[in-house]
């Protein structure tokens, strides 16, 4: 059953625009695949193959559409050879097209030999053959599958010009019927446009590519010879396995996720968190693959390799998010799906109306029809969102902000209030014991507290367990953690012990942080201290400056919460809340205004999932990370303003791109139909329209978003 629902990934090459991605997506859905996602930016395709269709069959079907499938670095089924990319194709076609275009200068420079129809045909032929091999084959295959793509328009336009010119030559109809240069220039300029688009789109991926490059480095593996002496073996990190021992020295990159066994170091995790300040780490601490040792030499044990590493998980999350489509893209997708047939219809109407209604010559009417075909650009509508998201996600990842999906980006624009958890979110979560008191022997009290709190992942519990560590610990018959309330354990003799809030331990008031009880009889209490995060005040002030309301929602006692809120200037405080009560509060806030919830504990997970937007920290519990829409990787809330700013400005960029894409097609098609643009300039305009979108998206890398 597990294999049936497992997501499958493929890499599809040859997609020149988002309309192509739509074609691949429709084909896979037609085959019965579920949750199909096609990323037009990098060609990543994922789906759930619950019906067990042969992967080879799917590859063959995708190739029948005119694309190629690359999986795990191997291109199937053909090699990439000469003229395999748009740059090479453009450079091949350019000299032929340039020569053909010379006759347009005839009024200034008399080039009589170029007026020879046979010579024009021979010069145009290599360009036309290459164009039809590339655009024509893809167009025919897409039509055969009932999913016409962008190449249909290009192939029709170039073929119409070539066939009309060929008929003029064979019929001896004269120079007025020869438009070989139009056929050649269309193909050449579309290749140029595709090349510029490829280059522009690649630039949108630079932040993600920088992360990917750091995945392949050399490692020093510690092995042992016949005499059991250590031997250092330089190997590629891809050869490492969990459990292997490695040596990492100053200045070297951590090859894989690992745990320090010996030595101390300072490590720069900027590639993961965006924070360049080195962190001090020692024995038993974990290092993230891709980070750099700023100082020190350590021996460590590999804990994860390949797709299981933190960096791979980040890359996968970013790629999945880039492939997602926010709601505003759905209209563009619906239009793109019917765009090609509609444009063909408009081109045909242009020919008929110009010829019959306005009595324009058939030659000029045909040229206007061809111009309509080649100036139309569904790519622009399809690329408007992916290009902007690729840049927004890339910049976010570079700064330690991970968006789980594209919808999260759009949600940021509507957020009007932010709800914060206290412990570990506004505070550091690095607790120390402030005071404690017990009615039993001090050592026995510490033993009970340690034996209970060691089973909890809450920061306060970890602090108590570390401070009161005792031997021997009590062996419980049964132990469970109750979300938001504490730890409950049953001893071998049947006694029930509890560590938690006053509500669950029989205490009469909630003056202290943790109460310890036995059979609902209070044994003592423990108070802890927690420092407020340095960046918290600045973040709260930034939110207030932008008119965003701040709320503190915590399970901690009211006095502690009000003290933190007063220091930070938080407007509303709701304390001593259980996880269920937190969910109710978030639901109520959502009903008032779109709400973001920032939290990191197990008890925050339901509230994170309920909020309009859930934001979690990298140190959060695993369930909180899984419930969040956005993860801040830089050990705090410092990057929350940047996340909000990027979300807002990525959406602004998407709207700008969509506006340009629609405006371009709405204006360009009528202009071409009226004969105000030649097919040559139409082809150039079509290619440049995508470049404009990509360039506008790339601005997000440097645009001020705060």
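The values are calculated or read from the model by the stated rules, or taken from the named source; none is laboratory data. As the structure is a prediction and not an experimental result, all values here were calculated from the model. Here the Cβ is made from the backbone with ideal geometry for all residues, glycine too, and neighbour counts use every protein chain on show.
At-a-glance table
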{"item": "Matching residues, the range 483-501, being in a loop (DSSP other than H, G, I, E, B), on the phi > 0 side of the Ramachandran plot and modelled with pLDDT under 90", "result": "484"}
{"item": "Odd one out for residue 90 among (1) buried (at least 19 other Cβ atoms within 10 Å of the Cβ); (2) modelled with pLDDT under 60", "result": "(2)"}
{"item": "Test: residue in the range 104-117 that is surrounded by fewer than 14 Cβ atoms within 10 Å (Cβ to Cβ), modelled with pLDDT of 90 or more and assigned to a helix (DSSP H, G or I)", "result": "no"}
{"item": "Residue that is nearest to residue 353 (Cα to Cα), among those in the range 668-679 that are touching a helix residue (DSSP H, G or I) at 6+ places or on another chain (Cβ under 7 Å) and surrounded by fewer than 23 Cβ atoms within 10 Å (Cβ to Cβ)", "result": "673"}
{"item": "Meets criteria (within 26 Å of residue 587 (Cα to Cα), in contact with a helix residue (DSSP H, G or I) (Cβ under 9 Å, 6 or more places away or on another chain), surrounded by fewer than 21 Cβ atoms within 10 Å (Cβ to Cβ) and at pLDDT 90 or above) for residue 548", "result": "yes"}
{"item": "Identity of the residue in the range 506-545, exposed (fewer than 14 other Cβ atoms within 10 Å of the Cβ) and closer than 13 Å to residue 576 by Cβ, that ends up modelled with the highest pLDDT", "result": "511"}
{"item": "Count of the range 631-676 residues which are more than 26 Å from residue 291 (Cβ to Cβ) and part of a helix (DSSP H, G or I)", "result": "28"}
{"item": "Enumerated strands (runs of 3 or more DSSP E) restricted to the range 546-605, each holding at least 2 residues that are more than 12 Å from residue 417 (Cβ to Cβ) and touching a strand residue (DSSP E or B) at 6+ places or on another chain (Cβ under 6 Å)", "result": "572-574"}
{"item": "The range 260-269: number of residues that are part of a loop (DSSP other than H, G, I, E, B) and over 19 Å from residue 314 (Cα atoms)", "result": "2"}
{"item": "Residue check for residue 403: modelled with pLDDT of 75 or more, buried (at least 24 other Cβ atoms within 10 Å of the Cβ) and touching a helix residue (DSSP H, G or I) at 6+ places or on another chain (Cβ under 7 Å)", "result": "yes"}
{"item": "Selection from the range 641-659 of residues that are buried (at least 24 other Cβ atoms within 10 Å of the Cβ) and more than 17 Å from the chain's Cα centre (by Cα)", "result": "657"}
{"item": "Filter result for residue 559 (surrounded by 14 or more Cβ atoms within 10 Å (Cβ to Cβ) and modelled with pLDDT under 90)", "result": "no"}
{"item": "Residue check for residue 99: over 29 Å from the mean Cα position of the chain (by Cα), at pLDDT 80 or above and crowded, with 16+ Cβ neighbours inside 10 Å", "result": "yes"}
{"item": "Matching residues in the range 466-482 - criterion: being part of a helix (DSSP H, G or I) and within 39 Å of the chain's Cα centre (by Cα)", "result": "466"}
{"item": "Meets criteria (modelled with pLDDT of 75 or more and more than 23 Å from residue 630 (Cα to Cα)) for residue 247", "result": "yes"}
{"item": "Residue within the range 515-522 that is touching a helix residue (DSSP H, G or I) at 6+ places or on another chain (Cβ under 7 Å), touching a residue at least 12 places away in the same chain (Cβ under 8 Å) and on the phi > 0 side of the Ramachandran plot present", "result": "no"}
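Per-residue answers, yes or no, for (1) surrounded by 14 or more Cβ atoms within 10 Å (Cβ to Cβ); (2) part of a loop (DSSP other than H, G, I, E, B); (3) within 33 Å of the chain's Cα centre (by Cα); (4) on the phi < 0 side of the Ramachandran plot:
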site: 220; (1), (2), (3), (4): yes, no, yes, yes
site: 238; (1), (2), (3), (4): no, no, yes, yes
site: 241; (1), (2), (3), (4): no, yes, yes, yes
site: 258; (1), (2), (3), (4): yes, no, yes, yes
site: 271; (1), (2), (3), (4): yes, no, yes, yes
site: 277; (1), (2), (3), (4): no, yes, yes, yes
site: 283; (1), (2), (3), (4): no, yes, no, yes
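Rundown of residues vs (1) in contact with a strand residue (DSSP E or B) (Cβ under 7 Å, 6 or more places away or on another chain); (2) under 30 Å from residue 542 (Cβ atoms); (3) touching a residue at least 60 places away in the same chain (Cβ under 8 Å), yes/no style:
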| position | (1), (2), (3) |
| --- | --- |
| 414 | no, yes, yes |
| 418 | yes, yes, yes |
| 425 | yes, yes, yes |
| 429 | no, yes, yes |
| 437 | yes, no, yes |
| 444 | no, no, no |
| 455 | yes, no, no |
| 468 | no, no, no |
| 473 | no, no, no |
